[in-house]
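The values are calculated or read from the model by the stated rules, or taken from the named source; none is laboratory data. Remember, it's a predicted structure, so these values are computed and weren't measured experimentally. Ideal geometry is used to build each Cβ from the backbone, glycine not excepted, and the neighbour counts take in all protein chains shown. Ligands, DNA and RNA are stripped out before the accessible areas are found, and what is left, the full protein with its side chains, is counted by its heavy atoms. Shrake-Rupley method; radii C 1.70, N 1.55, O 1.52, S 1.80 Å.
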Amino acid sequence: MTQAFGLFLVLFVTESLVDKTGKFLVTLKKQSSHTVAAIEKAPEQLFDYQKAVLEVESAAKANPEVAQAMQKLTAAAKAEPNPKLAEILAMPNW
């Protein structure tokens, strides 16, 4: 699992990360608004996670602000004591 895919899982795992997730999505929206629109619709619609992961990774490579927001969200997720989140973060390649 890539870091970006793990971030998608984090978006729906714990409410204590709402602030960092919101900031990440606002930053990502500047670079890739269609990706954010798809993420926001994910609970109600089929979602191509693989495509979204590639788009987020591409946005992070192209824009240091997106990369920094993704790093902050990842750090916040790793600091979260939620057991489900710990399970996700323990997966290979996280």
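With 20 Å as the limit, write out which pairs from LYS20/LYS51; LYS30/LYS61; LYS29/LYS72; LYS41/LYS72 have Cα-Cα distances beyond it, or answer none.
Pairs exceeding the cut-off: LYS20/LYS51; LYS41/LYS72.
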Extended-chain gain in nm, criterion 0.36 nm per residue less alpha-carbon gap, ASP19 and GLU65: 14.9 nm
Cβ-derived FRET efficiency at R0 41 Å, SER58 paired with GLU87, nearest 0.05: 0.90
For the stretch 57-72, Karplus couplings with θ = phi - 60° (6.51, -1.76, 1.60), whole Hz, Gly/Pro x: 4, 5, 4, 5, 5, 7, 9, x, 5, 5, 4, 5, 5, 5, 5, 5
Rounded percent of accessible protein surface that carbon and sulfur make up, the stretch 30-71, 1.4 Å probe: 50
